[in-house]
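Participant: Next up is a structure, given as structure tokens.
Any read-out appearing in this document is the output of simple, stated calculations on the displayed coordinates, not a laboratory observation. Just so it is clear, the structure is predicted and the values come from calculations on it, not from any experiment. Positions of Cβ are generated from backbone atoms using ideal geometry, with glycine treated the same way; all protein chains shown enter the neighbour counts.
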Amino acid sequence: HHRSAMSPEEFISRIMEAEPPEIYLMEDLKKPFTEASMMMSLTNLADKELVLMISWAKKIPGFVELSLADQIHLLKCCWLEILMLGLMWRSVDHPGKLIFSPDFKLNREEGQCVEGIMEIFDMLLAATSRFRELKLQREEYVCLKAMILLNSNLCSSSPQTAEELESRNKLLRLLDSVIDALVWQTLRLGHLTMLLSHIRHVSNKGMDHLSTMKRKNVVLVYDLLLEMLDASTSSTS
Amino acid sequence: HTKLLQLLTTKPE
């Protein structure tokens with residue numbers, strides 16, 4: 001079993017450095033929200049974050065050495081999970097609140113104005129609560145994010161060509177590095193990994209919700225967010 | 001995936 005070349009400490013250091021900067025929504029938020037105005041603010045913020053996410057992914061050691069097809073597959077599978085994990089991290093010290101950005105903070109009740117979103121807010125708050133309970137550390141947060149990115153497509157399809165096989169092997173070695181970085185506390189690693197299935201679940205719910213809002217013309221989805229949403233929903237339908 | 005591809009293949013500044 002081939003061991004990764006980079007030490008866990010160096011790996012963590014590199015992914016910490018890859019962290020994207022804080023983003024602000026930079027909108028004049030007129031409260032109370034309407035369904036359309038809240039969805040518009042959420043999607044505007046998501047589009048900005050997605051651009052930074054691509055730069056972040058390219059800084060994850062080994063990511064750009066994967067095939068371009070794999071890079072695309074991974075990002076289109078996991079983008080909403082990554083956005084949501086970031087949201088949970090920003091909200092971890094703010095019980096009952098979702099800190100989308102420093103200038104865009106929502107209470108659970110504010111979700112009432114968008115049909116179907118409160119259920120998703122509740123799931124996000126519950127997962128955030130769990131991270132608070134576990135006293136999630138920054139090193140663990142960045143490792144989890146890298147894990148979500150690298151793991152997102154692992155079980156979706158089997159490699160067919162030699163290039164695909166090589167890329168998959170590189171991916172597995174990268175995942176070894178991430179796990180290596182966290183493995184010093186195996187029980188904790190277990191608890192943190194168990195949360196990944198909840199994050200995937202809330203991301204799937206969120207994706208369905210966003211597709212519905214787009215289909216009903218509640219919100220106009222454009223640019224990179226549109227590409228990622230279409231990519232994600234077309235591959236599951 | 002035109003925008004995604006563009007962002008993935010552009011060299012960083």
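Participant: Counting other Cβ atoms within 10 Å of each Cβ, which trypsin sites (Lys or Arg not before Pro) in segment A:24-69 have at most 13 and sit in a DSSP loop?
Facilitator: Details: sites: A:Lys30, A:Lys48, A:Lys58, A:Lys59; in loops: A:Lys30.
When the trypsin sites (Lys or Arg not before Pro) of segment A:24-69 are filtered for loop state and at most 13 Cβ neighbours within 10 Å, A:Lys30 remain.
Participant: Using Cα pairs under 8 angstrom and six or more residues apart, how large is the relative contact order of chain A, in percent?
Facilitator: Working: 235 pairs, mean separation 73.6, N = 237.
With pairs under 8 Å counted, the relative contact order is 31 percent.
Participant: While we're on this one: Hey, can you grab everything whose amide H is under 5 Å from the amide H of A:Asp103? Only 5+ residues off in sequence or another chain; H modelled, so Pro and N-termini drop out.
Facilitator: Here A:Leu25 satisfy the definition.
Participant: Another question, if that's okay. Grab the eigenvalues of the alpha-carbon gyration tensor for segment A:56-121, scale each by 5, take roots, and send me the semi-axes largest first in whole angstrom. Provide the component values of the computation, followed by the final result.
Facilitator: Working: eigenvalues 192, 42, 12 Å².
After scaling each eigenvalue by five and taking roots: 31, 14, 8 Å.
Participant: Sticking with this one: Separation between the A:Tyr222 and A:Glu115 pseudo-spin-labels, each 7 Å from Cα along Cα→Cβ, expressed in nm?
Facilitator: Distance between label points: 2.5 nm.
Participant: Using the Kirkwood radius over C-alpha pairs as Rh, can you work out the diffusion coefficient of segment A:1-143 via Stokes-Einstein at 25 °C, viscosity 0.890 mPa s, in µm² per second?
Facilitator: Details: Rh = 16.8 Å.
The diffusion coefficient I find is 146 µm²/s.
Participant: From Cα pairs below 8 angstrom and at least 6 apart in sequence, can you work out the relative contact order of segment A:60-197, rounded to a whole percent? All intermediate terms of the calculation are to be shown ahead of the outcome.
Facilitator: Details: 108 pairs, mean separation 40.9, N = 138.
With pairs under 8 Å counted, the relative contact order is 30 percent.
Participant: How large is the dipole of segment A:108-237 about the Cα centre if only Lys and Arg carry +1 and Asp and Glu carry -1, each at its Cβ, rounded to the nearest 20 debye?
Facilitator: Details: 15 positive and 17 negative charges, 58 e Å.
About 280 debye.
Participant: What longest region of chain A stays clear of chymotrypsin sites (Phe, Trp or Tyr not before Pro) that DSSP places outside H, G, I, E and B and that have at most 15 other Cβ atoms within 10 Å?
Facilitator: Longest site-free region, per DSSP loop and neighbour criteria: A:25-183.
Participant: Given 20 °C and 1.002 mPa s, compute D for the protein assembly as shown with the Stokes-Einstein relation, Rh being the Kirkwood radius over Cα pairs; round to the nearest whole µm²/s.
Facilitator: Numbers: Rh = 18.9 Å.
Answer from the Stokes-Einstein relation: 114 µm²/s.
Participant: What distance in nm separates the simple spin-label points at A:Arg132 and A:His201, each placed 7 Å from Cα in the Cβ direction?
Facilitator: With each label placed 7 Å out from Cα toward Cβ, I get 2.0 nm.
Participant: Using Cβ contacts closer than 10 Å as the measure, can you line up A:Ile199, A:Ile72 from fewest to most?
Facilitator: Values: A:Ile199 21, A:Ile72 17.
If I rank by nearby Cβ atoms, fewest first, I get A:Ile72, A:Ile199.
Participant: Let me ask you something else. Determine the shielding of peptide A:52-59 by partner chains: average, over its residues, the number of Cβ atoms on other chains within 10 angstrom of each Cβ. Before the final figure, lay out the partial values.
Facilitator: On the way: counts 1, 1, 7, 5, 0, 2, 6, 1.
Going residue by residue through A:52-59 and averaging, the value is 3.
Participant: Which GluC sites (Glu not before Pro) does segment A:1-69 hold that lie in a coil by DSSP with at most 14 other beta carbons within 10 Å?
Facilitator: On the way: sites: A:Glu9, A:Glu10, A:Glu17, A:Glu22, A:Glu27, A:Glu35, A:Glu49, A:Glu65; in loops: A:Glu22, A:Glu27.
When the GluC sites (Glu not before Pro) of segment A:1-69 are filtered for loop state and at most 14 Cβ neighbours within 10 Å, A:Glu22, A:Glu27 remain.
Participant: If the limit is 18 Å between Cα atoms, which of A:Lys76/A:Lys205; A:Lys76/A:Lys105; A:Lys59/B:Lys11; A:Lys135/A:Lys205; A:Lys58/B:Lys3 go over it? Working shown, then result.
Facilitator: Details: A:Lys76/A:Lys205 16 Å; A:Lys76/A:Lys105 26 Å; A:Lys59/B:Lys11 12 Å; A:Lys135/A:Lys205 26 Å; A:Lys58/B:Lys3 15 Å.
Too far apart for the 18 Å limit: A:Lys76/A:Lys105; A:Lys135/A:Lys205.
Participant: Using only alpha-carbon positions, what ratio does the radius of gyration of segment A:123-233 give when scaled by 2.2 N^0.38 Å?
Facilitator: Computed over Cα atoms of segment A:123-233, the ratio equals 1.28.
Participant: Output the relative contact order of segment A:128-237, whole-number percent, from Cα pairs under 8 angstrom with separation of 6+ residues. Before the final figure, lay out each step's value.
Facilitator: Values: 26 pairs, mean separation 24.3, N = 110.
Relative contact order here is 22 percent.
Participant: Now for a separate question. Just the number, please: Stokes-Einstein D of segment A:72-187 in µm²/s, Kirkwood Rh from C-alpha pairs, 37 °C, 0.692 mPa s.
Facilitator: Calculated translational D: 204 µm²/s.
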